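The numbers here are math on the coordinates, done by the rules we state, and not lab data. Quantities reported herein were computed from a predicted structural model and do not represent experimental measurements. Every residue, glycine as well, gets a Cβ built from its backbone with ideal geometry; the counts of neighbours run over all protein chains shown.
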Amino acid sequence: MVVGASTSNFYPLPIEDALDTVLAAGFRNVEIFLNAPSEATLAFADALKERCDAVGAVVSAVHPYSSFMEPFFLFSPYQRRADDGFEMYKPMFEAAARLEAPTLILHGAKPLGQMSDEQLLERYEQLYDLGHLFGVTVAQENVNKFSSADISFLQKMKRQLKDKAKFVFDFKQTGRCGLDPERVIEVMGEGIVHVHISDRDEQNDCLPPGTGTRAFRPLLQKLRSVGYDGVLMLELYRFNFESVDDLKRSRAFLEEIACHL
């Protein structure tokens with residue numbers, strides 16, 4: 001496993017400045033969090049890719065700004081609006097492909113009751129197939145207050161979608177959902193393609209790894225047991241840490257654990 005950092009750690013710093021900060025800190029695996037429609041363009045992607053290429057960094061995932069709109073557009077019972085939603089995602093897939101990012105992160109549907117889980121998963125599969133045309137894998141993140149906060153929904157994904165059920169395991173969101181992280185990892189299994197990692201304590205649910213009370217060794221061992229050997233992506237909020245040095249210390253802390261699993 002390797003440790004990366006998301007540009008979202010430095011939001012609302014402009015994304016190119018956030019990327020420069022992450023790269024200057026020595027991270028060579030990054031997640032690009034697009035914050036505006038104007039950033040989901042080939043020209044903007046080229047500018048970011050040039051920065052990464054200059055230092056030998058790779059982009060492992062793209063997180064689109066549109067997560068809050070996904071239930072309204074992609075998972076709407078109104079077909080024309082859903083069709084428009086899929087069109088909205090094409091530029092994001094193009095940008096991800098230009099960045100050579102293998103994964104696009106989805107928050108997905110909310111349990112609003114207007115569509116069955118089976119219908120929601122059919123929509124996910126449509127988006128997955130669309131992303132596949134661009135060489136990008138759509139991965140469902142477990143997110144509080146979304147359908148993916150429910151273990152049974154994740155299980156339905158595996159049953160209905162088989163090999164197309166791909167996941168982003170998020171440490172802090174698991175806590176916010178009130179779920180056992182080991183159980184979530186077990187259910188997602190070999191479908192996990194990306195991991196968001198953070199620490200927590202009794203007062204805070206999102207801290208730099210190594211500064212809270214979470215026992216990481218058994219959780220990383222659990223990830224490895226289901227076949228995950230990819231990136232541990234540091235994804236915090238700017239108010240969760242004091243300086244970029246905190247992220248560097250978290251990287252060293254996690255790398256020390258990972259190399260002795």
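Among 239-250, 3-14, sorting by the average number of other beta carbon atoms lying within 10 angstrom of each residue, highest first, gives 3-14, 239-250. Computed about the Cα centre, the dipole magnitude for region 2-258 is approximately 500 debye when only Lys and Arg (+1) and Asp and Glu (-1) carry charge, each at its Cβ. Distance from the C-alpha centroid of region 213-249 to that of region 1-35: 15 Å, rounded to the whole angstrom.
Would you please put 54-60, 77-83, 229-235 in order of how densely packed they are, using the mean number of other Cβ atoms within 10 angstrom per residue and starting with the highest?
Most protected by this proxy first, the peptides run 229-235, 54-60, 77-83.
Which of rounded, prolate, oblate describes region 109-256, given a ≥ b ≥ c as roots of the alpha-carbon gyration tensor eigenvalues and a/c under 1.5 marking rounded, otherwise prolate only if a/b is larger than b/c? Prolate.
At most 15 other Cβ atoms within 10 Å and a DSSP loop assignment: could you name the trypsin sites (Lys or Arg not before Pro) in region 102-205 that fit? Counting only loop positions with at most 15 other Cβ atoms within 10 Å, the trypsin sites (Lys or Arg not before Pro) in region 102-205 are 145. Rounded, prolate or oblate: which fits the chain when a ≥ b ≥ c are the square roots of the eigenvalues of the alpha-carbon gyration tensor, with rounded for a/c under 1.5 and prolate only if a/b beats b/c? Oblate, because a/c is 1.5 or more while a/b does not exceed b/c. The label point for residue 183 and the one for residue 239, both projected 7 Å from the Cα toward the Cβ, are 3.1 nm apart. What are the residues whose amide H is under 5 Å from the amide H of residue 4, where those residues sit 5 or more places off or on another chain and H is modelled from the backbone? Here 232, 233, 234 satisfy the definition. Assuming charge only on the beta carbon of Lys and Arg (+1) and of Asp and Glu (-1), the dipole of region 117-261 about its Cα centre is about 140 debye to the nearest 20. Just how far, in whole angstrom, is region 133-207 from region 109-132 if you go by their alpha carbon centroids? Between the Cα centre of region 109-132 and that of region 133-207, the gap is 16 Å. Comparing mean-square fluctuations of 187, 62, 138 from a GNM of the chain with C-alpha springs under 10 Å, the top value falls on 187.
Screening the chain for DSSP H helices whose Cα atoms reach 30 Å or more along their own axis and whose mean Kyte hydropathy is at least -1.0 gives nothing.
Please name which of 111, 208, 34 has its Cα lying farthest along the dipole of the chain towards the positive end, using unit charges on Cβ (Lys, Arg +1; Asp, Glu -1) and the Cα centre as origin. Of the candidates, 111 comes out farthest on the positive side. Beyond 19 Å in Cα-Cα separation lie the following of the pairs 49/164; 166/222; 110/222; 145/172: 49/164; 110/222.
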